[in-house]
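Presented below is the structure to which this report refers.
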Amino acid sequence: MPLFRHENRQRSERSRRLYAAYEIAHTVVDFSAALSFLIGSVLFFWKETETAAIWFFVVGSVLFCVKPTLRLAREIHLLSLGRVDELARRGEQP
């Protein structure tokens with residue numbers, strides 16, 4: 001089954017819970033990245049906080065890189081659940 005298919009996240013109760021957990025993580029990372037950029041932007045108003053502002057932008061950039069990584073990890077995890085479920089069903093057949 002290919003990645004990024006809606007069916008992967010709706011296959012079982014376990015896949016629905018896993019999808020929800022990854023969505024929560026993605027939202028937390030997204031919010032943290034946006035907050036880092038907001039704080040960094042405000043800190044750039046004063047010369048003495050410029051270094052801190054730069055660090056907030058670096059942290060925000062790293063967090064923005066984490067977002068697609070989480071999405072890909074989620075899809076690979078969901079795909080692997082499907083394969084395990086499929087193998088389990090095959091093992092139950094006489």
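Pick the calculated log10 I(q)/I(0) by the Debye sum over Cα atoms at q = 0.11 Å⁻¹ for this structure from (1) -0.57; (2) -0.47; (3) -0.27?
Given (1) -0.57; (2) -0.47; (3) -0.27, the calculated one carries the label (2).
Quick one: Karplus J couplings for the stretch 2-14, per residue in order, coefficients 6.51, -1.76, 1.60, θ = phi - 60°, nearest Hz, x for Gly and Pro?
x, 6, 6, 10, 4, 4, 4, 7, 10, 5, 8, 4, 5
If Lys and Arg each add +1 and Asp and Glu each add -1, what is the summed charge of the other residues whose beta carbon sits under 10 Å from the beta carbon of E75?
+4
With +1 on each Lys and Arg Cβ and -1 on each Asp and Glu Cβ, and nothing else charged, work out how big the dipole of the chain is about its Cα centre, in Debye to the nearest 20.
Roughly 380 debye, rounded to the nearest 20.
Using a probe radius of 1.4 Å on heavy atoms only, what accessible surface per residue do you get for the chain? Whole Å² is fine.
70 Å²
In whole percent, how big is the carbon plus sulfur part of the accessible area of the chain, probe 1.4 Å, protein atoms only?
67 percent
Using the alpha-carbon atoms, what tilt in degrees (0 to 90, nearest 10) does helix 50-92 show relative to the longest principal axis of the chain?
The angle comes out at about 0 degrees.
Apply the Karplus curve 6.51 cos²θ - 1.76 cosθ + 1.60, θ = phi - 60°, to the phi angles in the stretch 34-42 and return the couplings in whole Hz, x for Gly and Pro.
5, 5, 4, 5, 5, 4, x, 5, 5
Is it possible to state the helix-based mean residue ellipticity at 222 nm for the chain, with each DSSP H run of 4+ residues giving -39500 (n - 2.57), the sum divided by total residues, to the nearest 500 deg cm²/dmol? What is it?
It comes out at -29500 deg cm²/dmol, rounded to the nearest 500.
Looking only at chymotrypsin sites (Phe, Trp or Tyr not before Pro) in DSSP loops with at most 15 other Cβ atoms within 10 Å, what is the longest site-free stretch of the chain?
Free of exposed loop sites, the longest segment is 47-94.
The values are calculated or read from the model by the stated rules, or taken from the named source; none is laboratory data. Keep in mind that this is a model prediction, so the values were computed, not measured. FYI the Cβ positions are ideal-geometry reconstructions off the backbone, even for glycines, and counts take in every protein chain you see. All accessible areas refer to the heavy atoms of the entire protein, side chains included, with ligands and DNA or RNA removed. Shrake-Rupley method; radii C 1.70, N 1.55, O 1.52, S 1.80 Å.
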